[in-house]
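To start, the structure itself, in structure tokens.
The values are calculated or read from the model by the stated rules, or taken from the named source; none is laboratory data. Source: prediction; values computed, not measured. Note: ideal-geometry Cβ built from the backbone for every residue, glycine included; neighbour counts use all protein chains shown. The area values use the complete protein model at the heavy-atom level, side chains included, leaving out ligands, DNA and RNA. Shrake-Rupley method; radii C 1.70, N 1.55, O 1.52, S 1.80 Å.
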Amino acid sequence: MTAPSTVVVVGAGIAGVSAAASMRASGYDGRLLLVGDETHLPYRRTAVSKEILRGDKDADGIRIKPEQWYADQQVELVTGTAVVGLEPDAVVTDAGERIRYDKVVLATGGRARKPYVGERICTIRGLSCLPLPVGPEEPVVIVGAGLIGSEGAASLRSLGYDVTLLETADLPLPRLLPGSLAERYVALHKSNGVDLQTGVSVTAVEEHGDEVRVTAADGRSWTAGMVLVAVGMEPNTELAAGAGLRMVGGGIEVDWSGQTSAPGVYAAGDVAARPSSHVDGALRLEHWQGAQNHGTAVGKAVAGETVEFDEVPWCWSDQYGQSLQVTGWTDGEVVVRGDVDSTDFSAFFVRDGVLRGAVALGRPSDVRAARTLVAARAAVDTGMLADAAVPVAETLSS
């Protein structure tokens, strides 16, 4: 295998580390640099809203790879360095250094949206959120009841914080769950002491001395010692856009192997808008597992392997000791096995007789089986799908 002499991976999150690891595993033996703008060793970002916020682990406990791994794999890890320019044969750092490359992987991930700024107004996407500016003796308001906001609420409640959770939509987890299932999370939050308020359009978050006031469009307001803003992320596409790479769907357009519109330039993870045989148009995901697996696939492609990445998405969320798992797409007819009001059920989504996705609490094996069927575009029998006595893998229609 003929390999390029130098590969630079821009971004030291899970997509970037996975790309570097798979390049080495696929036989690439040239120079390999992994450049990240954070000073920490690469870490599992998903732990920030859970184990890190709860204090169960510290930065050393959530490393993606041990420090020695980078030396053993001859990966030149460059931390605390931002890449600010992409040229046809080099990347340019914020220190003005030009690092020449033969191929480059853009795994730049994203940053938390932060429409409001202040010392007591925080986000919980990275380790920079710690330490929190207040202790459990002061109330906290969280703006946004998606995955990060909901996990943050659960984590802070476990520490004794008084938490108010505000959501613009009518129900929590609006991008992930249909109404009938999201209602389960309304009850879950409230039963754990969270003041969940939905249908709230926040218009201002302002510091007033040691307090932060959150104001809604309908005139309501809440006062807290700290506000956590969890209103999604912005993909870090500026580097690619500045270099003239083709963009689509809010991300960097790539082909099945992760190749962008520029020769020798690849993109992986949250910033990549990739083709999919399961949906119309480009697909851009913001989930850990997708970034990890896409990074691995792109690394193989950079090393010279033939790759056609067409994965069915899967993600999870841990809240109040319960594990929610989601795979595929949550559209179509909903078929439930088990009791949605309990902590042990699966819900399947069927469109035109074909399984499109699944959501489960306490039934990971159902999600694994459903993911396989979704990938196969399997036609299923909804009656059997609702019957817990029938294994999900055996619900194919005759």
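Within 23 Å of the chain's Cα centre (by Cα) and surrounded by fewer than 13 Cβ atoms within 10 Å (Cβ to Cβ): is that true of residue 170 in this structure? Yes; evaluated as a whole, the condition is true for this residue.
Of all residues in the stretch 279-297, those satisfying the criterion of being touching a residue at least 60 places away in the same chain (Cβ under 8 Å), open to solvent by 20 Å² or more (accessible area, probe 1.4 Å) and either in a loop (DSSP other than H, G, I, E, B) or among the hydrophobic types (A, V, I, L, M, F, W, C) (or both) are 286, 288.
Is it true that residue 47 is under 22 Å from residue 306 (Cα atoms), among the hydrophobic types (A, V, I, L, M, F, W, C) and part of a helix (DSSP H, G or I)? For residue 47, the condition - under 22 Å from residue 306 (Cα atoms), among the hydrophobic types (A, V, I, L, M, F, W, C) and part of a helix (DSSP H, G or I) - is not met.
Considering the stretch 335-377, the residues that are assigned to a strand (DSSP E or B) and open to solvent by 60 Å² or more (accessible area, probe 1.4 Å) include one that is farthest from residue 393 (Cα to Cα), namely 339. Can you say whether residue 383 is open to solvent by 40 Å² or more (accessible area, probe 1.4 Å), in contact (Cβ under 8 Å) with a residue 24 or more places away in the chain, of a type in the set (Gly, Ala, Ser) and out of contact with any helix residue (DSSP H, G or I) (no Cβ under 8 Å at 6 or more places or on another chain), as far as the supplied structure shows? Criteria not met by residue 383.
Yes or no, residue by residue, for (1) touching a Ser or Thr at 6+ places or on another chain (Cβ under 9 Å); (2) among the basic types (Lys, Arg); (3) at pLDDT 95 or above:
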residue: 239; (1), (2), (3): yes, no, yes
residue: 253; (1), (2), (3): yes, no, yes
residue: 256; (1), (2), (3): no, no, yes
residue: 260; (1), (2), (3): no, no, yes
residue: 266; (1), (2), (3): yes, no, yes
residue: 275; (1), (2), (3): no, no, yes
residue: 281; (1), (2), (3): no, no, no
residue: 284; (1), (2), (3): no, yes, yes
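Can you find even one residue in the stretch 303-310 that is touching a Cys at 6+ places or on another chain (Cβ under 9 Å) and either buried (at least 18 other Cβ atoms within 10 Å of the Cβ) or among the aromatic types (Phe, Trp, Tyr) (or both)? Looking for residues that are touching a Cys at 6+ places or on another chain (Cβ under 9 Å) and either buried (at least 18 other Cβ atoms within 10 Å of the Cβ) or among the aromatic types (Phe, Trp, Tyr) (or both), one finds none in the stretch 303-310, hence no.
For the stretch 238-254, the criterion of a residue being without any contact (Cβ under 8 Å) to a residue 40 or more places away in the chain, farther than 30 Å from residue 310 by Cα and either surrounded by 14 or more Cβ atoms within 10 Å (Cβ to Cβ) or of a type outside the set (Phe, Trp, Tyr) (or both) is satisfied by no position. For residue 372, are the conditions met, namely being farther than 26 Å from residue 51 by Cβ and of a type in the set (S, T, N, Q)? The answer is yes for residue 372.
Going by the structure shown, is residue 199 touching a residue at least 12 places away in the same chain (Cβ under 8 Å) and more than 23 Å from residue 46 (Cβ to Cβ)? Here the answer is yes, as residue 199 does meet what is asked. Only residues that are in contact with a Ser or Thr (Cβ under 7 Å, 6 or more places away or on another chain) and in a loop (DSSP other than H, G, I, E, B) were counted across the stretch 26-39, and they come to 5.
Checking each residue in the stretch 173-196 for being open to solvent by 40 Å² or more (accessible area, probe 1.4 Å) and free of Cβ contacts under 8 Å to residues at least 12 places away in the same chain picks out 190, 191. The set of residues in the stretch 255-278 that are polar (S, T, N, Q) and either open to solvent by 30 Å² or more (accessible area, probe 1.4 Å) or over 21 Å from the mean Cα position of the chain (by Cα) (or both) comprises 259, 260, 261, 277. Residues in the stretch 80-124 that are more than 23 Å from residue 215 (Cα to Cα) and in contact (Cβ under 8 Å) with a residue 60 or more places away in the chain: how many? Of the residues in that region, 20 qualify.
Filter the stretch 197-211 down to residues that are in a loop (DSSP other than H, G, I, E, B) and on the phi < 0 side of the Ramachandran plot and give me whichever is modelled with the lowest pLDDT.
210
As a summary of the residue check, residue 162 satisfies the conditions (1) open to solvent by 40 Å² or more (accessible area, probe 1.4 Å); (2) in contact with a Lys or Arg (Cβ under 7 Å, 6 or more places away or on another chain); (3) among the acidic types (Asp, Glu) except for the one numbered (2).
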